[in-house]
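See below for the structure under consideration.
The values are calculated or read from the model by the stated rules, or taken from the named source; none is laboratory data. On a predicted model such as this, the values are computed, not experimentally measured, just so you know. All Cβ positions, glycine included, derive from the backbone under ideal geometry; neighbour counts span all protein chains shown. For the accessible areas, the whole protein counts, side chains as well, though only heavy atoms, and no ligand, DNA or RNA atoms are used. Shrake-Rupley method; radii C 1.70, N 1.55, O 1.52, S 1.80 Å.
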Amino acid sequence: MAKYVFVTGGVCSGLGKGITASSIALLLKAKGYKVFMQKFDPYMNVDPGTMSPIQHGEVFVTFDGCETDLDLGHYERFIDEELNYTSNITNGKIYSSVIEKERVGDFLGSTVQIVPHVSNEIKNKIYEAATSSGADIVITEIGGTVGDIESAVMMESLRQFRLESGRENSLFVHTTLVPYLFGSNELKTKPTQNSIIELRRLGIQPDIIVTRAPIDLGEAVKKKISLFGSIPPENIIEAKDVNNIYQIPINFHKQHIEDIILNQFGLKSGKSNLEHWENLIKTSESLKDEIEIALVGKYVELEDAYLSVKEALKAAGYKYHTKIKIKWVNSEELEEDNCNLKEIFKNSKGIIVPGGFGSRGIEGMIKACEYARTNKISYLGICLGMQIAVIEFARHVCKLPDASSREFEELCVNPVIDLMADQKAIINKGGTLRLGNYKCKITKGTLAYEDYKTEEILERHRHRYEFNNNYKELLASKGMIFSGINPESNLVEIIELKDHPHFIACQFHPEFKSRPTRPHPLFDSFIKASIENKK
Ligand code: GLN
């Protein structure tokens, strides 16, 4: 039977609950256990796919095409396991499913209620994650803050879950804030105390408290939290502020969080295998060089909108012992007449145009792409970034000044990026993009082949529009290389340019498969080329 760890949060959001959950999972995996992770998001959207990245950060996509919360990206990067549809549950999903069941008569005449029908549905999602993954331990993080009206039913379900499974099979980790007051120069435990009381009001007594604080707690503060929270002092785990999130698992390991968990579960706690992670920390702390990469997008006011891209760049930098300084460029600013591209990109050794939706800021991205092409600066285009590269090339090299994408111009004369027939009939916005893994066949002798060193790859997608194959011949005749093609649909997956040291763009999202200890081949070669560019 599987064991279950639940991670809740108190006091306020943004304390690093996702990193806490990921770190715990990583440490349990390092002990040799098979782990699986899950995030419960208490909003009414079925998934974050329809939300603005500026509100909610990036939408992470699993291999099986589930659009998920960005915390799933942390999970995959920390535990290096592919997660799936059972990994992100929202109130929207839960309620839709209950209502669907009611409509087909599944509840056999009974009054459908929050308890037990909705709470059962939630608990089933936890059990389902355990059975479908075959994991020894499932770690479930609950979004939001304890006491939120949105998450009340989810919390109630966890209370019931504990009752059903017992303390030896389920464990609660509660993350809180211990603020420091300047002036009186002291840490304050009251918010943590109140947050534990709030959790108890919902019928849940935490087993472990993770405290976020700017400095060490010290014995007296720990004692106080222990007394008021009814938690043994050794079960109070300090999450002191760090510059590098990858440090957190090591800090937790030093406080034996995984031993406390395994002990409660009655599971054996052998030697930890953390060498790969310790090496990662060493590398990330001893970077010798630095290069600037310009990231041109329209959501740059919120870095989290490009979280996986940022992490993938960092990971590739680690491989070359180089710190990546990202210059965040708002593409709309590049559209202004007096904008000086030379000045903006003067220190940038590479330009990246990541994914995005809608027509705002597009012309600025095209300008940035043209700058990279004509000035021979390394370019990596991701999804929208590939579509931009195609439009730019069609307009300025193939002399089709009105080339565009059907997404930005419905009546476009030269739609080099277009909607495929199967997408035209779709009315619903949610969950209807081309999502998840698709095959791509790579041509030997290309940059892409040099990067991947294999002829067939699987990459994750999230887009509606595609390269229009009617323009393939023309663009190829002018020097565009179509190095990656989907073998089933013949859709273009990767493009390159002949007369350029490093210009590559892909229709998929390589950032989702990059790991801190194993950078993605496309990011790897992009950073390598950018470093060479510097020299
Ligand atoms: N908006 C484009 C499309 O739907 C690109 C999507 C993306 O960059 N993820 O095809």
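Residues that are open to solvent by 30 Å² or more (accessible area, probe 1.4 Å), touching a residue at least 60 places away in the same chain (Cβ under 8 Å) and not hydroxyl-bearing (Ser, Thr, Tyr), at least 1 per element: which strands (runs of 3 or more DSSP E) completely within the stretch 396-505 meet that? Before the answer, list the steps.
Values: elements: 403-405, 414-419, 434-442, 456-463, 465-467, 480-485, 492-497.
Counting at least 1 such residues, we get 434-442, 456-463.
Would you say Leu26 is aliphatic (A, V, I, L, M), in contact (Cβ under 8 Å) with a residue 60 or more places away in the chain and assigned to a loop (DSSP other than H, G, I, E, B)? Even if it seems obvious, please write down each step before you answer.
Numbers: aliphatic (A, V, I, L, M): yes; in contact (Cβ under 8 Å) with a residue 60 or more places away in the chain: yes; assigned to a loop (DSSP other than H, G, I, E, B): no.
Answer is no for this residue.
Determine which member of the set Glu290, Glu311, Glu278 is part of a helix (DSSP H, G or I) and open to solvent by 20 Å² or more (accessible area, probe 1.4 Å).
Working: Glu290 fails: part of a helix (DSSP H, G or I); Glu311 fails: open to solvent by 20 Å² or more (accessible area, probe 1.4 Å).
None of the others qualify; the one that does is Glu278.
Does Asp402 meet the test of being within 16 Å of the ligand (Cβ to nearest atom), of a type in the set (D, E, K, R) and out of contact with any Leu (no Cβ under 9 Å at 6 or more places or on another chain)?
Numbers: within 16 Å of the ligand (Cβ to nearest atom): no; of a type in the set (D, E, K, R): yes; out of contact with any Leu (no Cβ under 9 Å at 6 or more places or on another chain): yes.
When the stated conditions are applied, Asp402 does not pass them.
Taking Lys93, is it touching a Lys or Arg at 6+ places or on another chain (Cβ under 9 Å), part of a helix (DSSP H, G or I), open to solvent by 40 Å² or more (accessible area, probe 1.4 Å) and over 30 Å from Glu278 (Cβ atoms)?
On the way: touching a Lys or Arg at 6+ places or on another chain (Cβ under 9 Å): yes; part of a helix (DSSP H, G or I): yes; open to solvent by 40 Å² or more (accessible area, probe 1.4 Å): yes; over 30 Å from Glu278 (Cβ atoms): yes.
Taking the combined requirement at face value, the residue satisfies it.
Within the stretch 159-173, is there a residue that is in contact (Cβ under 8 Å) with a residue 12 or more places away in the chain and over 30 Å from Lys222 (Cβ atoms)?
Of the stretch 159-173, the ones in contact (Cβ under 8 Å) with a residue 12 or more places away in the chain are 159-162, 164-165, 167-173.
Okay, now just the ones that are also over 30 Å from Lys222 (Cβ atoms), so 160, 164.
Scanning the stretch 159-173 turns up at least one residue that is in contact (Cβ under 8 Å) with a residue 12 or more places away in the chain and over 30 Å from Lys222 (Cβ atoms).
Tally time: how many residues in the stretch 321-361 are assigned to a helix (DSSP H, G or I) and buried (at least 23 other Cβ atoms within 10 Å of the Cβ)? Show your work before the answer.
Of the residues in the stretch 321-361, the ones assigned to a helix (DSSP H, G or I) are 331-335, 341-344.
Right, trim to buried (at least 23 other Cβ atoms within 10 Å of the Cβ) and you get 331.
Total satisfying the criteria: 1.
Checking Asn428 against (1) within 16 Å of the ligand (Cβ to nearest atom); (2) over 16 Å from Leu497 (Cβ atoms); (3) modelled with pLDDT of 95 or more, which test does it fail?
Answer for Asn428: the failing condition is (3).
Testing Glu81 on (1) out of contact with any Asp or Glu (no Cβ under 6 Å at 6 or more places or on another chain); (2) at positive phi; (3) of a type outside the set (Val, Ile, Thr), one condition comes back false. Which one is that?
Failing condition for Glu81: (2).
Tell me whether the stretch 377-393 contains one or more residues that are open to solvent by less than 10 Å² (accessible area, probe 1.4 Å), away from the ligand (no atom under 16 Å from the Cβ) and part of a loop (DSSP other than H, G, I, E, B).
No: zero hits.
Quick test for you: out of Ser348, Ser378, Ser359, pick the one residue that is in contact with a Pro (Cβ under 8 Å, 6 or more places away or on another chain) and polar (S, T, N, Q). Spell out the reasoning first.
On the way: Ser348 fails: in contact with a Pro (Cβ under 8 Å, 6 or more places away or on another chain); Ser359 fails: in contact with a Pro (Cβ under 8 Å, 6 or more places away or on another chain).
After ruling out the rest, the residue left standing is Ser378.
Between a residue in the stretch 234-246 that is among the small types (Gly, Ala, Ser) and any residue that is modelled with pLDDT of 95 or more, which pairs come within a Cβ distance under 7 Å, given they are 6 or more apart or on different chains?
Listed pairs, sorted by first residue: Ala239/Thr20; Ala239/Val210; Ala239/Thr211; Ala239/Arg212; Ala239/Ile248.
Just to be sure, is Asp106 assigned to a loop (DSSP other than H, G, I, E, B) and either of a type in the set (Phe, Trp, Tyr) or free of Cβ contacts under 8 Å to residues at least 12 places away in the same chain (or both)?
When the stated conditions are applied, Asp106 passes them.
The conditions are (1) touching a Leu at 6+ places or on another chain (Cβ under 6 Å); (2) surrounded by fewer than 18 Cβ atoms within 10 Å (Cβ to Cβ), and Arg212 fails exactly one of them. Which is it?
Failing condition for Arg212: (2).
Please count how many residues of the stretch 349-372 are over 25 Å from the mean Cα position of the chain (by Cα) and away from the ligand (no atom under 16 Å from the Cβ).
5
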